Every structure is written in C-alpha cells, then in structure tokens.
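Colleague: One structure, as structure tokens, below. Some questions next.
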Amino acid sequence: MEKVLDFFKDFIYFEILDKWGGPVLAASFLLLFLAETYRRLRKLKAERWKRIKRNIGIAFTAVMALRLALIPALIYLSVLAENSNFGLLNWLSLPVWLEFLCGFLLLDYGNYLWHLLNHQVNFLWRFHNIHHIDLDLDVTTAVRFHFGEIFLSVFFRGFIILLIGPAYWLILIYEVVFETATLFHHSNWRIPFKFEKVISNIIVTPRMHGVHHSIVHRETNSNYSIIFNIWDRLHHSLRLNIHQDEINIGVPSYREPEEQNIKNLLLMPFNKPRPWILPNGSVPEREEKGNKDVLMP
Ligand SMILES: [Zn+2]
C-alpha cells in the first residue's frame, strides 16, 4: 500500500500542477470566458452553446489524456534523464535562473515544432484537424483536442525532454504557463488594439492566433508558436496582416455545424481528411497585401 501511495505521490500527484496550476487554469478559463462574452473580437457564426457543450465534451477526454498520460510520462523521462545525466541542461549545470530561462525557451521551441509537424504530416493532421474545424474560435476551442493527438505528443515531447533534460519542476511550471497561454490566445476577447500590438511583439495574442485558424490555407500554415512568437519570426512563419473581420474561422470542407457532434469528431482521425476546398468546390483565397509582420485590428 505504501508503495502505491509513493507512486501516486511521485508520478500522479504534482503539487505545482495540481495545487497551484489547477486553480490558475480554472480562473483563467472563467475570466477569459467572461471577457470574450462581453468584449467579443470576431462575430460568431455557429450556435454558441451547442459548440461550447461539444467542445467541453471533447475537452474531457483530452484533459484525461494530458493529465494521466502525457504529464506523468514527461516527468518520468525528466527524472530518467537526470538520473542518467543525459540532456543538455544536465550536461551544462547552469545556475538555476539560467537553467530556468534556457529550459523554458527550449520547451517552447519544441512545442512550436510539434505544432508545425501537426500541420505538415498528414497522419498528425488527421488528429489536429478536429481542433481546426471548429466554426468559431474561443476559449473552449483551446481545450478541444483529440485525445489521440495528446497521446501522440508523448513521443515527440518526450524525445524533446530527453534532449533538453529539464528538471521536473521546470516542466510543470512550463506546462501551467503553456496551458494558460493556449487559453488566452484562443479566446475571442477584443483586447484594446494598441495594447495587443505591443504585447504581440513578444507573445502570441488572440488576433495573431485568429489568423492561424483562418479558412485560407496559407494563413492556417502560419503562427504556430504557443507562448513566445519569436519562433515564428525566426522561421518566417509569422503572418499578422489580416483584419479580424475578414477572417473566416475553420477548414473549408467542414462547414456543417450538425456534422460536428462529439461522436463524429472522435472518429474523424479514422477518415481521410477532406481536400482544402469549400462545399461549392472553390478554394478560399485572399490577395497578399501589406507587411506580414504588422498586426491588423
Ligand atoms: Zn494548428
């Protein structure tokens, strides 16, 4: 029994995440939900409450996979790397503040690459697709992921953990900030434009991520960053110059709200993704104009 309790303590219950992270995430979700209800950025196209219920249903399976499989696996690998003195940060033995800074940035870069792969590798897109076909974008889209995508991320993110060798506390702190940032940039909250313009020099914001959920393929294939957008700047995948009123959220071949029920969404990876065309056969396009690096209201 004692062994079971020790295992539970070490690999299932994580104080940083469960005692501190949980309430932070729940409060962030509620505040962003209120903010996007009273200061809406983009007009809604689908029936709001029906969407929200479906997204929460999908989120339940995703959160389970994240909390019970992904996080324990990453922590296990970080302990394994530390015990075998493997991974960049274990080789360097930096002062704690520098270890934190480097580890945090490298974990964020790893997640940029994982997101990029989800768009570029057909097999991964089958799972990531269900996040993108949402007809509106708000804080509930931030938790609408197929649990299969979370399971698959164990391999890539686990590999990144072995390469970087971050301490387990660093992974947990990063995870709380990562999830909070994900809730924030998916939200449909109209932040004062001047303020968003300033913060979008460093972090991913709702207007920036709105472009990533556009129905125009070139726009979806941009803005992959999660917390810091320096990764999009370095890889030239940044695209900010689209007015939010002109963005159509979603994927062109999945426009039917009724089709997006929980059962269909969960089964979607087993069906071949549809080509990037609208039901009338046309391809959504937009003329390229202005400087890609300049945020539009
Ligand atoms: Zn994406």
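Colleague: Cβ-Cβ under 8 Å, sequence separation 6+ or interchain: first residue in the range 48-72 and under 14 Å from Glu179 (Cα atoms), partner surrounded by fewer than 17 Cβ atoms within 10 Å (Cβ to Cβ). Which pairs?
Modeller: Leu70/Phe151
Colleague: Only one residue in Phe178, Phe155 is in a helix (DSSP H, G or I) and either within 16 Å of the ligand (Cβ to nearest atom) or not hydrophobic (A, V, I, L, M, F, W, C) (or both). Which one?
Modeller: Phe178
Colleague: I would also like to ask the following. All but one of (1) surrounded by 19 or more Cβ atoms within 10 Å (Cβ to Cβ); (2) within 16 Å of the ligand (Cβ to nearest atom) hold for Pro166; state the number of the condition that does not hold.
Modeller: Checking Pro166 against (1) surrounded by 19 or more Cβ atoms within 10 Å (Cβ to Cβ); (2) within 16 Å of the ligand (Cβ to nearest atom), the one that fails is (2).
Colleague: Still on this model: Of everything in the range 29-87 that's out of contact with any Gly (no Cβ under 8 Å at 6 or more places or on another chain), more than 28 Å from Lys263 (Cα to Cα) and in a loop (DSSP other than H, G, I, E, B), which residue is least open to solvent (accessible area, probe 1.4 Å)?
Modeller: Ser84
Colleague: Among the listed residues Ile226, Ile242, which satisfies the condition of being within 14 Å of the chain's Cα centre (by Cα) and within 19 Å of His132 (Cα to Cα)?
Modeller: Ile226
Colleague: Further, regarding this structure: When Leu89 is evaluated against the numbered criteria (1) within 23 Å of Trp231 (Cα to Cα); (2) away from the ligand (no atom under 16 Å from the Cβ); (3) modelled with pLDDT of 90 or more, which criterion, by number, is the only one it fails?
Modeller: Condition (3) is where Leu89 drops out.
Colleague: Among the residues of the range 111-146, count how many are part of a helix (DSSP H, G or I) and either within 12 Å of the ligand (Cβ to nearest atom) or crowded, with 21+ Cβ neighbours inside 10 Å (or both).
Modeller: Within the range 111-146, residues that are part of a helix (DSSP H, G or I) and either within 12 Å of the ligand (Cβ to nearest atom) or crowded, with 21+ Cβ neighbours inside 10 Å (or both) number 20.
Colleague: Let me ask something else. Among the residues in the range 254-273, are any open to solvent by less than 80 Å² (accessible area, probe 1.4 Å), aromatic (Phe, Trp, Tyr) and not in a loop (DSSP other than H, G, I, E, B)?
Modeller: Scanning the range 254-273, I find no residue that is open to solvent by less than 80 Å² (accessible area, probe 1.4 Å), aromatic (Phe, Trp, Tyr) and not in a loop (DSSP other than H, G, I, E, B), so the answer is no.
Colleague: Just for the range 181-206: of the residues that are in a helix (DSSP H, G or I) and more than 16 Å from the ligand (Cβ to nearest atom), which one is least open to solvent (accessible area, probe 1.4 Å)? Spell out how you get there, then give the answer.
Modeller: First, the residues of the range 181-206 that are in a helix (DSSP H, G or I): 181-186, 193-199, 206.
Within this subset, residues satisfying the condition of being more than 16 Å from the ligand (Cβ to nearest atom) are 193-199.
Values: Phe193: 57, Lys194: 171, Phe195: 118, Glu196: 0, Lys197: 83, Val198: 96, Ile199: 37 Å².
My answer is Glu196.
Colleague: Still on this structure: For the range 94-112, does any single residue satisfy the condition of being on the phi > 0 side of the Ramachandran plot and without any contact (Cβ under 8 Å) to a residue 12 or more places away in the chain?
Modeller: no
Colleague: Continuing with the same structure: Does Ser222 count as assigned to a loop (DSSP other than H, G, I, E, B) and within 16 Å of the ligand (Cβ to nearest atom)?
Modeller: Criteria met by Ser222.
Colleague: Identify all residues within the range 225-248 that are within 14 Å of the ligand (Cβ to nearest atom) and in contact (Cβ under 8 Å) with a residue 60 or more places away in the chain; write none if there are none.
Modeller: Within the range 225-248, Ser225, Ile226, Trp231, Asp232, Ser237 meet the criteria.
The values are calculated or read from the model by the stated rules, or taken from the named source; none is laboratory data. From a predicted model like this one, the values you see are computed outputs, not experimental measurements. Glycine gets a Cβ as well: all are built from the backbone with ideal geometry, and neighbour counts include every protein chain shown. Just so you know, the surface numbers come from the protein's heavy atoms only, side chains and all, with ligands and any DNA or RNA stripped out. Shrake-Rupley method; radii C 1.70, N 1.55, O 1.52, S 1.80 Å.
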